[in-house]
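Below is one structure; the comments refer to it alone.
The values are calculated or read from the model by the stated rules, or taken from the named source; none is laboratory data. As the structure is a computational prediction, the values presented were derived from the model and not from experiment. Here the Cβ positions follow ideal geometry from the backbone for every residue, glycine too, while neighbour counts run over all protein chains shown. What goes into the accessible areas is simple: the full protein's heavy atoms, side chains included, and nothing from ligands, DNA or RNA. Shrake-Rupley method; radii C 1.70, N 1.55, O 1.52, S 1.80 Å.
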Amino acid sequence: MLVAATPLVGAIAFPVAVPLVIRSMGLPSAVLTAVVLGSLWFVVMLFSAEMPSHD
């Protein structure tokens, strides 16, 4: 479930969060939000990836 939900949650949260932050706090905060969200999304995607085992 996590493997399937991670890309979907990130693809929805990222474009929703950044414009909201731009409107409420300004562009510098939105850039910081984009970097933090993008980095966290990338790390979670790496940890939740299903890789084949190398036996």
Checklist entry - Roughly what angle does helix 27-48 make with the longest principal axis of the chain, taking Cα atoms, 0 to 90 degrees, to the nearest 10? => result 10
Next on the checklist: In Å², and per residue, what accessible area does the chain have when probed at 1.4 Å with the other protein chains present?
Outcome noted: 81
Checklist entry - How far is it, in nm, from the label point at Met51 to the one at Ala34 when both lie 7 Å from their Cα along the line to the Cβ? => result 3.0
Checklist entry - Relative to the first principal axis of the alpha-carbon coordinates of the chain, what is the inclination of helix 2-25, with its axis defined by its Cα atoms, in degrees from 0 to 90 and to the nearest 10? => result 10
Item to check | Cα-Cα P(r), the chain, percent of pairs per 10 Å interval | outcome: 24, 41, 23, 9, 3, 0
